[in-house]
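Everything on this sheet refers to the single structure shown next.
The values are calculated or read from the model by the stated rules, or taken from the named source; none is laboratory data. Only a predicted model underlies this, so the values are computations on that prediction, with no experimental measurement involved. Virtual Cβ from ideal backbone geometry, glycine too; neighbours counted across all protein chains shown. Heads up: the accessible areas ignore ligands, DNA and RNA and are worked out on the full protein's heavy atoms, side chains in. Shrake-Rupley method; radii C 1.70, N 1.55, O 1.52, S 1.80 Å.
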Amino acid sequence: MGNFQQKFFTPKQALQKIQHYCSYQERTHYEVKEKLYSYGLKKNEVEDLLATLIETNFLNEERFAEQFAGGKFRMKKWGKIKIQHELKLKKVSARNIQHALNTIQEYDYLKTLSKLATIKWNSLKTEHYMSKKLKTTRYLLQKGYEHKYIQNIITFIISNNNSN
């Protein structure tokens, strides 16, 4: 059958392990809760440890959401729709998701969108005008940007390029 052996911990041992787990990188409440259950702890033990982690600031879902949103925006150039979707998948609260999205500066957001749109548009040199518009729109939607912003940016690019 294999060598799989489930490791069980006392609450004290689990606290040390989970503190290390949380200090390595920011985590969601859901991730930590699942990890604690994997240690063989009971519901009341898990709830007590979660409360301790929150009180001692090892676990802060608002901080996690801010870092996640900022990182995905800066590094992967994701739009707010994609960031929101990914945070929902991680079971982050709606309040923390909204707070995280609000930390992205609108100027930086629109500047990034404009840069991505321009690069994509210019990479489609041999394409017909409608094809360029469609492919650029699809690309930006896939990155998680809002349709209203995309249409405005593409209109701006077209008016500045004055070409098909």
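Would you be able to tell me the number of residues in the stretch 80-99 that are of a type outside the set (A, V, I, L, M), assigned to a helix (DSSP H, G or I) and under 20 Å from residue 34 (Cα atoms)?
Looking only at the stretch 80-99, we keep the residues that are of a type outside the set (A, V, I, L, M), and these are 80, 82, 84-86, 88, 90-91, 93, 95-96, 98-99.
If we keep only those that are assigned to a helix (DSSP H, G or I) as well, we get 80, 82, 84-86, 88, 95-96, 98-99.
Subset that is under 20 Å from residue 34 (Cα atoms): 86, 88, 96.
Residues that pass the stated criteria total 3.
Out of 40, 79, which single residue is closer than 30 Å to residue 160 by Cα, out of contact with any Ser or Thr (no Cβ under 7 Å at 6 or more places or on another chain) and surrounded by 12 or more Cβ atoms within 10 Å (Cβ to Cβ)?
From the options 40, 79, the qualifying one is 79.
Does residue 148 meet the test of being in a loop (DSSP other than H, G, I, E, B) and open to solvent by 80 Å² or more (accessible area, probe 1.4 Å)? Talk me through it step by step, then tell me what you get.
On the way: in a loop (DSSP other than H, G, I, E, B): no; open to solvent by 80 Å² or more (accessible area, probe 1.4 Å): yes.
Answer is no for this residue.
Residues in the stretch 90-126 that are surrounded by 13 or more Cβ atoms within 10 Å (Cβ to Cβ) and of a type in the set (Phe, Trp, Tyr): how many?
Adding up the residues that qualify gives 2.
With (1) modelled with pLDDT of 95 or more; (2) farther than 30 Å from residue 149 by Cβ as the list, and residue 80 as the residue in question, which single condition is left unmet?
Failing condition for residue 80: (2).
Can you tell me which residues in the stretch 101-140 are without any contact (Cβ under 8 Å) to a residue 24 or more places away in the chain, of a type in the set (A, V, I, L, M, F, W, C) and in a helix (DSSP H, G or I)?
119, 130, 134
Being farther than 25 Å from residue 89 by Cβ, touching a Gly at 6+ places or on another chain (Cβ under 7 Å) and either at pLDDT 95 or above or not in a helix (DSSP H, G or I) (or both) is the requirement here; does residue 8 meet it?
Considered against the rule, which asks whether it is farther than 25 Å from residue 89 by Cβ, touching a Gly at 6+ places or on another chain (Cβ under 7 Å) and either at pLDDT 95 or above or not in a helix (DSSP H, G or I) (or both), residue 8 comes out as yes.
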